[in-house]
Amino acid sequence: MNSRPAFLVSVTLVAALLSALPSHAQKKSTKTEDKPAEPPVIVEKPAPYDDRLLRMAEILGSVHYLRNLCSGRETQWRQLMTALLADETRNEPKRAAKLTAGFNRGYRAFAATYTKCTPQAIAAEEKYRAEGATLATEITARFGN
């Protein structure tokens, strides 16, 4: 098993990044110059676990904000989100944007609520971490290889 956290392992199995287009016979051009080949079309297909992945992104954003607020030092949650995006959304900018927006939404939700670390902020961070761990286990159990 890879050394990355469990929620990053195997979730890339279902993401189809490219679709093959059927080839069609082309008529020979009457011009002497050939047109440049068109770049391949990339079709973004949502994975069956995208809703869960979006919730995971929101949780990572929330935990990132709360951990930094309460510990006073940078934590690894943003790096985990970056790795998740690299694994899940290669060549899929719309999916990447959607997950990034989820991370930012989770971050901003708590930034609007907590400006200093409180017992409630600590409890919220623990609750979100537990939800994230459960979600990661469910995603890998159902969709992992």
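None of the figures in this text is laboratory data; all of them are computed from the coordinates on show. Source: prediction; values computed, not measured. In this analysis, Cβ positions are derived from the backbone assuming ideal geometry, glycine residues included, and neighbour counts consider all displayed protein chains.
The fewest-to-most ranking of Thr118, Thr140, Thr134 by surrounding Cβ atoms within 10 Å reads Thr134, Thr118, Thr140.
Near Asn91, once Lys and Arg are set to +1 and Asp and Glu to -1 for all other residues with Cβ below 13 Å from its Cβ, the sum equals 0. May I ask you to derive the FRET efficiency for Lys94 and Ala141 from their Cβ-Cβ distance with R0 = 30 Å, giving the value to the nearest 0.05? About 0.65, to the nearest 0.05. Counting other Cβ atoms within 10 Å of each Cβ, which GluC sites (Glu not before Pro) in region 68-145 have at most 16 and sit in a DSSP loop? Filter output for region 68-145: Glu74. Projected over all directions and averaged, the alpha-carbon convex hull of region 60-145 occupies 6.0 nm².
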